1. Output needed: percent of Cα pairs per 5 Å distance bin for segment 334-423, bins running from 0 to the one holding the longest distance.
2. Under the rule of at least 5 residues apart or a separate chain, name every residue whose amide H is placed under 5 Å from the amide H of residue 394.
3. Tally Lys and Arg at +1 and Asp and Glu at -1 over the other residues with C-beta under 12 Å from the C-beta of residue 216: what net charge comes out?
4. Find the Rg to Rh ratio for segment 497-561, where Rh is the Kirkwood radius over alpha-carbon pairs and Rg uses the same atoms.
5. As a test of reading the structure, rank 294, 280, 243 by solvent-accessible area (1.4 Å probe, protein chains only), most first.
6. What FRET efficiency, computed as 1/(1 + (r/R0)^6) with R0 = 45 Å and r the Cβ-Cβ distance, is obtained for residue 557 and residue 493, rounded to the nearest 0.05?
7. For segment 305-367, what log10 I(q)/I(0) values come out of the Debye formula at q = 0.13, 0.29 1/Å, with one point per alpha carbon and no solvent?
8. Using just the C-alpha positions of segment 245-368 as equal point scatterers, what log10 of I(q)/I(0) does the Debye formula give at each q in 0.09, 0.18, 0.20, 0.22 1/Å?
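The values are calculated or read from the model by the stated rules, or taken from the named source; none is laboratory data. Quantities reported herein were computed from a predicted structural model and do not represent experimental measurements. For neighbour counting, all protein chains shown are included, and Cβ atoms are generated from backbone atoms with ideal geometry for every residue, glycine included. These accessible areas exclude ligands, DNA and RNA; they are computed on the full protein's heavy atoms, side chains included. Shrake-Rupley method; radii C 1.70, N 1.55, O 1.52, S 1.80 Å.
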Amino acid sequence: MVVKNIGSFKKKLGDILVEVGIISQDQLDKALEMQKTTGGKLGDILKELNYCSEDVLLAFLGRQCGTSYISLSEYGNIPPPVLNLVPESVARHQTLIPISQEGNVLTIAMSDPLNVFATDDLKLMTGCDIKVVLASESEIKEAIEKYYVPGIALRTPFQQPAAEPAQQEQTSLQDIVEHLQKNEPAHQAASSSPESQEETFSVTFAQDAAPVIKMVNAILSQAIRAKSSDIHIEPYENSLRVRYRLDGVLHNQPAPPKKFQNALISRLKVMAQMDIAERRLPQDGRIKLTVEGREVDLRISTIPTPHGEKIVMRILDSTGLKVDMSQLGFEPAVLESYKKVVDSPHGIILVTGPTGSGKTTTLYSTLSMLNRPDKNIITIEDPIEYLIDGINQVQARPEIGLNFAAGLRAFLRQDPNIMLVGEIRDKETAEIAINGALTGHLLFSTLHTNDAPGAITRLNNMGIEPFLTASTTLMITAQRLMRLICPGCKIAYTLPAEQLLDMGAKPDQLKTSGRQKIVTLYKGKGCDACAGTGYQGRVACHEILIMNDWIRELILARASHHILKQTARKHGMMTLREAALLKMLRGETTLEEVLRVTTIDSDRDITHGEK
């Protein structure tokens, strides 16, 4: 369909209506004058002034665009397989409806033939050539209500008929790419607006689904089945790279050819309700999936690069949330101390560590343990990763002024017992949190620091007075996630004890054998169960600084990070390196993981008991 310049098109349509006697020249002039004021469409203005009917307008509109006009009220039933090609949210947002399909040509009824963005998006999403016919806006809306009824046996583009078990089989990305290369052209990205309503997609492999949908489906389903935490799609000059983060480490995966880049990225952006037309600025979105009967959320982020947009998707699977504190990797004595502190009536408890270190899981597990009918628990998060019954969770929205500080202010008027703020990012949030702790509330939050004593230094740098930090802070927990050795390919090997002593192990922890004091350690050699990595699953190691009079005195004196850590260790604090070494010596993880996630403690006199 070829559409002429919009401005000249409007003028020509009006002239034709005058020519054939539908409207007079005076009526056209009045409508054009009104259009200058309101900025609306000429056709809508003519209808509003009762100069001509919608049917007449659409007939002439179709004539100018080379498309035919149909009446949906007189049209027969639309087959469900045709409706399945276009999601309900797209149909409602763009005011269109698919009505038939012949071969690879999909016919769409629209009220606006100038909406080329919508037709390009549909071509991209469905893999079909698009033929447009004109229908009235009111009839299209009636048809959407008639056919897209909640509860009927229709499905989104990812869903498939339940009656065909053979279609439930998993399809590999390589199979889909080979099929596309043989049978389908690579569709290029088009501009559009994001969908107006959130939609839940079901990750399955319908045989009649569009090729690009199958490709996206394969990438998502394989990542979720592999229990990866993130998906990276990265464009380069002559290739695409797809990587999954498995147990904290990125691994390359089979990737589609470069020519499918735009179609792949645009499909993901449509699903995440992002603006396909905007490729110069970073964007964030969310995709809700149903995978094998369970719901999975994806947090999607895009950034522009010289060769296209890079997409990273964080996979949030609520079934993987561990709410039992005993499963999080705490050493038994440390866990007992932790539980005593979190049961305090007021104060601040901080969890620190880099992104992806399990802070959210620890906090959710702690709140679940404290979640009782006599407690009012409120959180403000960005984003809300998991929903927990009995806890009031608020999504931060900085773009409308609902940041962490504003949320905390509101919480103090909600009669809370326990509050959680996703992160203390600035002085304002820290001061409101301290005020909440001073007025009898228990508050949890996170900081990005390398270890537990580093949180004190971070608060000082924010401008928080030391006497406020010392009087409100109860405990600071630092943590890291370590990969566990795969039980299916676990093997033993030996190492000189002296080498472990140099890494921070204590002599009384080492069970040596032989004259040369050899220590037995373990690693995974790689098998099918762990995809050749030698690891399967992760566990946290913790460093917990519990406030006491000695630490508070040092905070008031603005002591250095080194002095704070040294004093905390003298009073029983187990460091991240020490906790990691314990797990290694028990055969849970490897020496390489200890070196990867922790640094050696600089306090050598404490480690070896020397002065």
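1. Here the calculated profile for segment 334-423 is 3, 12, 24, 26, 22, 10, 3, 1, 0.
2. Distant-sequence amide H within range of residue 394: 379, 380, 381.
3. Values: positive: 214, 267, 269; negative: none.
Neighbour charge sum, excluding residue 216 itself: +3.
4. Working: Rg = 19.8 Å, Rh = 16.5 Å.
Reported Rg/Rh (Cα atoms, Kirkwood Rh): 1.20.
5. Numbers: 294 65, 280 185, 243 45 Å².
Final ranking, largest accessible area leading: 280, 294, 243.
6. Numbers: r = 47 Å, r/R0 = 1.05.
That pair, residue 557 with residue 493, gives E of 0.40.
7. -0.49, -1.40
8. Computed log10 I(q)/I(0) values: -0.41, -1.08, -1.21, -1.36.
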